[in-house]
Amino acid sequence: MLDTPSQAVGDVRLQSFRVAYDYPVVFTLEAFSPGNRSLIDVLARREPHKRHRCLVLVDQGVLAAVPGLCHDIESYAAAHAGHMELIGAPVPIAGGEACKNEPDTIPRLLELLSRRAVDRHSYTIAIGGGAVLDAAGYASAIFHRGVRHIRFPTTVLAQNDSGVGVKNAVNYLGVKNLVGTFAPPWAVINDSSFLEVLPPREKRAGMAEAVKVALIRDRRFYEWLERHAHDLARFSYPHMSDLIRDCAALHMRQIGQGGDPFEAGSARPLDFGHWAAHKLEQITRNGLNHGEAVAIGIALDTRYSVLSGHLAPGQDDRVAALLERLGFTLWHDGLRQCDAQGRPDVLKGLSEFQEHLGGELTITLLAGIGEGVEVHEMNEDLVARSIDWLEARR
Ligand SMILES: NC(=O)c1ccc[n+]([C@@H]2O[C@H](COP(=O)([O-])OP(=O)(O)OC[C@H]3O[C@@H](n4cnc5c(N)ncnc54)[C@H](O)[C@@H]3O)[C@@H](O)[C@H]2O)c1
Ligand SMILES: [Zn+2]
């Protein structure tokens, strides 16, 4: 009689394949002046002899600041008619966190993509801040199971952090980024002329992410930020563009070479300072923007790093001083908001962070300037003392 496999195991066949991703991140100026080939080159990168159909979605905040933008895009498409064809006029999208909070945003975008007959060989091109890019990126990732998507980030934060990455999301059931996908873009075009019209508050916000990535990965970049804090606080060029390029490069390196681009594990080093930041955005009902909340989250976790014995005393003051020189306020009364038991609401950010990632709680702290370290528990008492420290610095 033939041996039969164990009844309990059954028949297992391993399916296995790999998919490689690459996408250009282009730094340019005046991307829609007819002589600029950045967009044409990324459209034609894999299919040089085709006329590419493009649906353009534009953040209304950007349109208000650059009223001639739609006209410029139409003229650009006309000047390059051999390579690109607009699928109707560019479409305005309400900007800011509201577009991620509004439950109608995604159904409306999907309906638009359907009405304009976007197919899997067409491109959606989103121009805007991180919020519009997140919403447009998500709709593009799920429509027809994913259409080609090009991002034009228009804020400092989107150009040096969110826009160059592989994620998108919208907020749902009151939870930040509850629904989204990992979907690498076709290309990213960082046009620094958009930053000229960006309000100062938004320019500053993006610098928090540069401090974050410098602190966990690159001491030299951190020291550069300290040396140029005065120029950066005035948003002077070329310092701002250097900050954006270096910060974007560090994010790209972490995503491309960090070994976990789609965050299957529990660690998320690029989210240093973010467990508190995400909660603060929610507690303040977005009264603090993402970057402002991240600055507070960085200061909080840096102080915690000292109190928990990971980081040398004094480095917390050093980091807080840099953030303050860049113009951040490291306090919000929302840090004092407590539940009925007297527990600070911000602490709920820890369990929400773990729930979002799954697996073991993994928080990045600092072991030195430029050196992140992972821990798997946070002492609530030390968090409370870190909050007291922030309040005392006011
Ligand atoms: N996907 C990711 O990996 C990732 C990473 C970090 C942050 N994010 C998300 O990014 C969002 C924050 O993005 P943000 O900081 O870019 O802000 P934002 O998108 O909220 O934009 C802020 C405001 O600036 C306006 N605006 C944008 N560009 C402008 C310009 N050039 N001129 C004038 N006004 C302009 C917008 O209309 C909006 O009112 C958050 O939702 C955050 O969760 C996503
Ligand atoms: Zn962030």
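The values are calculated or read from the model by the stated rules, or taken from the named source; none is laboratory data. Just so it is clear, the model here is predicted, and its values are computed rather than measured. Glycine also receives a Cβ, built like all others from the backbone with ideal geometry; neighbour counts cover every protein chain displayed. SASA here: full protein model, heavy atoms, side chains in, ligands and nucleic acids out. Shrake-Rupley method; radii C 1.70, N 1.55, O 1.52, S 1.80 Å.
List of remarks:
- Taking first residues from the stretch 277-292 that are under 9 Å from V346 (Cα atoms) and partners that are more than 13 Å from ligand 1 (Cβ to nearest atom) and open to solvent by 40 Å² or more (accessible area, probe 1.4 Å), the Cβ contacts under 6 Å between residues at least 6 apart in sequence or on separate chains come to I283/Q337.
- Counting only helices (runs of 4 or more DSSP H) that sit completely within the stretch 199-262, those holding 1 or more residues that are within 16 Å of ligand 2 (Cβ to nearest atom), surrounded by fewer than 20 Cβ atoms within 10 Å (Cβ to Cβ) and at pLDDT below 95 correspond to 239-257.
- For the stretch 10-41, filtering for residues that are open to solvent by less than 100 Å² (accessible area, probe 1.4 Å), among the aliphatic types (A, V, I, L, M) and without any contact (Cβ under 8 Å) to a residue 60 or more places away in the chain leaves 3.
- Among the residues of the stretch 71-80, none qualifies, meaning not one is at pLDDT 95 or above, within 24 Å of the chain's Cα centre (by Cα) and closer than 16 Å to A126 by Cβ.
- Residue in the stretch 265-274 that is among the basic types (K, R) and either more than 13 Å from ligand 1 (Cβ to nearest atom) or modelled with pLDDT of 95 or more (or both) present: no
- Pairs with Cβ under 8 Å, 6+ apart, first in the stretch 208-225 and in contact (Cβ under 8 Å) with a residue 40 or more places away in the chain and in the same structural domain as V294 (by TED's automatic domain parsing), second crowded, with 24+ Cβ neighbours inside 10 Å and of a type in the set (S, T, Y): L215/T302
- Answer from A295, A249, A277 - the residue that is aliphatic (A, V, I, L, M), under 16 Å from G334 (Cβ atoms) and within 14 Å of the chain's Cα centre (by Cα): A277
- Residue-level check: of (1) assigned to a loop (DSSP other than H, G, I, E, B); (2) open to solvent by 40 Å² or more (accessible area, probe 1.4 Å), G96 misses just (2).
- Matching residues in the stretch 42-86 - criterion: being in a strand (DSSP E or B) and touching a residue at least 40 places away in the same chain (Cβ under 8 Å): H52, R53, C54, L55, V56, L57, V58, D59, M84
- When A64, A94, A98 are screened for being among the small types (G, A, S), at pLDDT 95 or above and either under 21 Å from the mean Cα position of the chain (by Cα) or not assigned by TED's automatic domain parsing to the domain that holds V147 (or both), only A94 passes.
- Checklist (1) small (G, A, S); (2) within 14 Å of ligand 1 (Cβ to nearest atom); (3) touching a Pro at 6+ places or on another chain (Cβ under 9 Å) applied to G327, failing item: (2)
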